[in-house]
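Take a look at the structure set out below.
The values are calculated or read from the model by the stated rules, or taken from the named source; none is laboratory data. What you see is a predicted model; the values in this text were computed from it and never measured. Cβ atoms come from the backbone with ideal geometry, glycine included; neighbour counts cover every protein chain shown.
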Amino acid sequence: MKLDHSLCRVVAQLCDFLRWPSISADPAHRRDVAGCARWLAAHLRSIGLDAALHPTPGHPVVLARGPRRPGAPTVLIYGHYDVQPADPIELWHSPPFEPTIRGCKLFARGAADNKGQVFAHIAAVGQALGDPDAKLPNIVFLIEGEEETGSPSIEPFLRAHRRELRPGGTSGYLIGASPRPSEAYAMEQSKKQ
């Protein structure tokens, strides 16, 4: 399989993201989770988004916005950067935090849930931001670090930030993992205020 240069770059960046053992349920990995959040915010900035880390009682939320486009709809892309523990380790054919390509598949903890999915959205937005002819909506990324532990901080975060998360254009859309009822409720409340 021959890959063009930009795809190779995106796969390398995804592998950098996957190397972080951002296991939110394990206090021994608290620094790894925080480091992953910082890496993610820096990467979002590198593609042209305004990104910030927001502390919570648990792990930080990464919030990033593209350029504001008055009158355009808003797309909020939800995801998470935390992962499940890699146990049982003996079932892995390669180290879980050393991404390995076998055939046309990438193997690493988080490659499918949810780092790979959210990174695909990030890469697509990065590509679109580089196209001067692209007619983009307002883009917001909301990427949390506690989904694998039940998202205890997301509802309070959404309530506290409801005004800044309110769609800025004609309407709003949510893309990503299905939100919990509390997340959907908080997003709905943000539209009303």
State yes or no: is Gly48 touching a residue at least 40 places away in the same chain (Cβ under 8 Å) and out of contact with any His (no Cβ under 9 Å at 6 or more places or on another chain)?
yes
Can you spot a residue in segment 89-104 that is touching a Phe, Trp or Tyr at 6+ places or on another chain (Cβ under 6 Å), in contact (Cβ under 8 Å) with a residue 40 or more places away in the chain and not polar (S, T, N, Q)?
no
Look at Pro179 and say whether it is surrounded by 13 or more Cβ atoms within 10 Å (Cβ to Cβ) and either modelled with pLDDT of 95 or more or touching a Gly at 6+ places or on another chain (Cβ under 9 Å) (or both).
no
Counting just the residues of segment 90-129 that are assigned to a loop (DSSP other than H, G, I, E, B) and among the aromatic types (Phe, Trp, Tyr), which one comes out farthest from Ala42 (Cα to Cα)?
Trp92
Only one of (1) crowded, with 17+ Cβ neighbours inside 10 Å; (2) without any contact (Cβ under 8 Å) to a residue 24 or more places away in the chain is not met by Ala28, so which one is it?
(1)
Filter result (of a type in the set (Gly, Ala, Ser), in contact with a Gly (Cβ under 9 Å, 6 or more places away or on another chain) and under 15 Å from Ala37 (Cα atoms)) within segment 47-67
Gly58
Sort through Arg31, Arg45, Arg38, Arg68 and tell me the only one that's within 22 Å of Ala128 (Cα to Cα) and in a helix (DSSP H, G or I).
Arg45
If you take the residues in segment 31-44 that are of a type in the set (A, V, I, L, M, F, W, C) and over 21 Å from Ser153 (Cα atoms), which one is surrounded by the fewest Cβ atoms within 10 Å (Cβ to Cβ)?
Ala42
Of the numbered conditions (1) within 14 Å of the chain's Cα centre (by Cα); (2) free of Cβ contacts under 8 Å to residues at least 60 places away in the same chain, Ala37 fails exactly one; give the number of that condition.
(2)
Suppose we filter segment 97-116 for residues that are surrounded by fewer than 18 Cβ atoms within 10 Å (Cβ to Cβ) and under 21 Å from Ser6 (Cβ atoms); how many remain?
5
Of these, Leu63, Leu7, Leu14, which one is in contact with a Pro (Cβ under 9 Å, 6 or more places away or on another chain) and either part of a strand (DSSP E or B) or more than 28 Å from Arg159 (Cβ to Cβ) (or both)?
Leu14
Picking from Ser22, Ser94, which residue would you name as being buried (at least 17 other Cβ atoms within 10 Å of the Cβ) and at pLDDT 95 or above?
Ser22
Filtered residues of segment 71-83 (kept if within 28 Å of Ala34 (Cβ to Cβ), part of a loop (DSSP other than H, G, I, E, B) and not charged (D, E, K, R))
Tyr81
